[in-house]
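First comes the structure, then the notes that go with it.
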Amino acid sequence: MSDTLLTQLDAGVFSVTFNRPEKKNAFTHAMYEAATAALLEADRRDDVRVVLLSGAGGAFTAGNDIGDFLEHPPTGEDSAVFRYLRALAGLAKPVLAAVEGAAVGIGTTMLLHCDYVVAGEKARFSMPFVNLGLCAEGASSLLLPRAAGFALASELLLFGDPFDAATALRAGIINKAVPEAQLKDVALERARALAQRPAQALKVTKALIRGPLREQVETALKREGAEFVQRLASDEAKEAFMSFMSRGRK
């Protein structure tokens, strides 16, 4: 698809790899566009049974590339980041993720739309939206309380502090934590196992699991997106981003 997003099909497993290791795979506008196209392609192709998301170079993704994000801020529902989230949330086929290293912001919230997530024991997760003057996104305000309970979901979203794989497991964000050396093998084994199941039975079962929440997820994405755009233009967010950028230049 592009240098920063790699795709490969092997035995029904469609691997999508975020590939900016020098930036811990931080997402740019172009990466969101490529990732959305990759997911839509995967859903169209009969030879694709499952999708496997991962990151190159020891990180899943550091979230948004702040410089690129400020150059291409989301302005509405048709913005690249929101189209990516809708494509991921709407994927009919099973989605798995292998999480190594950093999973920041959308790097954590996108996992709530995956059907199986395995993480390295040293993976670090965070949703620092409030700390940047922003708000929850990716339907996390709906899905995380359902998975983690209100107490833990509130702690993770309001404080925005980094947390470990054990906490992610307790919060229902991941299915399993394994030693880093085993991560790729375990993720591929799980993906291949699903790819060997009857394809239509997989799609129907996923639809039955996620279908009752489909409208609520769509509504949450729209509500959060509208608030996110407003927060991005706020004085709080501008101050937080200026502080973040100045720290990065030191």
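The values are calculated or read from the model by the stated rules, or taken from the named source; none is laboratory data. Every value quoted in this text rests on a predicted model; they were computed, and no experiment measured them. Cβ sites come from the backbone with ideal geometry, for glycine too, and all protein chains shown count toward neighbours. With ligands, DNA and RNA removed, areas are computed over all heavy atoms of the protein, side chains included. Shrake-Rupley method; radii C 1.70, N 1.55, O 1.52, S 1.80 Å.
Worth pointing out:
- Residue within the range 66-82 that is at pLDDT 95 or above, open to solvent by 30 Å² or more (accessible area, probe 1.4 Å) and not aliphatic (A, V, I, L, M) present: no
- Yes/no for E215 being assigned to a helix (DSSP H, G or I), surrounded by 13 or more Cβ atoms within 10 Å (Cβ to Cβ) and out of contact with any Phe, Trp or Tyr (no Cβ under 8 Å at 6 or more places or on another chain): no
- Any hit, the range 23-41, residues being more than 23 Å from V229 (Cα to Cα), in contact (Cβ under 8 Å) with a residue 12 or more places away in the chain, open to solvent by less than 10 Å² (accessible area, probe 1.4 Å) and assigned to a helix (DSSP H, G or I): yes
- Residue in the range 208-218 that is under 23 Å from E77 (Cβ atoms), basic (K, R) and either in contact with a Cys (Cβ under 7 Å, 6 or more places away or on another chain) or at pLDDT 95 or above (or both) present: yes
- Strands (runs of 3 or more DSSP E) within the range 90-177 that include 2 or more residues open to solvent by less than 20 Å² (accessible area, probe 1.4 Å): 95-99, 116-120, 124-126
- Those residues of the range 1-20 which are in contact with a strand residue (DSSP E or B) (Cβ under 9 Å, 6 or more places away or on another chain) and assigned to a strand (DSSP E or B), in sequence order: L5, L6, T7, Q8, L9, V13, F14, S15, V16, T17, F18
- V204 meets the conditions (1) β-branched (V, I, T); (2) open to solvent by 30 Å² or more (accessible area, probe 1.4 Å); (3) touching a residue at least 60 places away in the same chain (Cβ under 8 Å) in every case but one. The failed one is (3).
- Some residue of the range 149-163 being among the polar types (S, T, N, Q) and closer than 25 Å to E239 by Cα: yes
- Options E239, E180, E189, E227: the member that is closer than 22 Å to S141 by Cβ and acidic (D, E): E227
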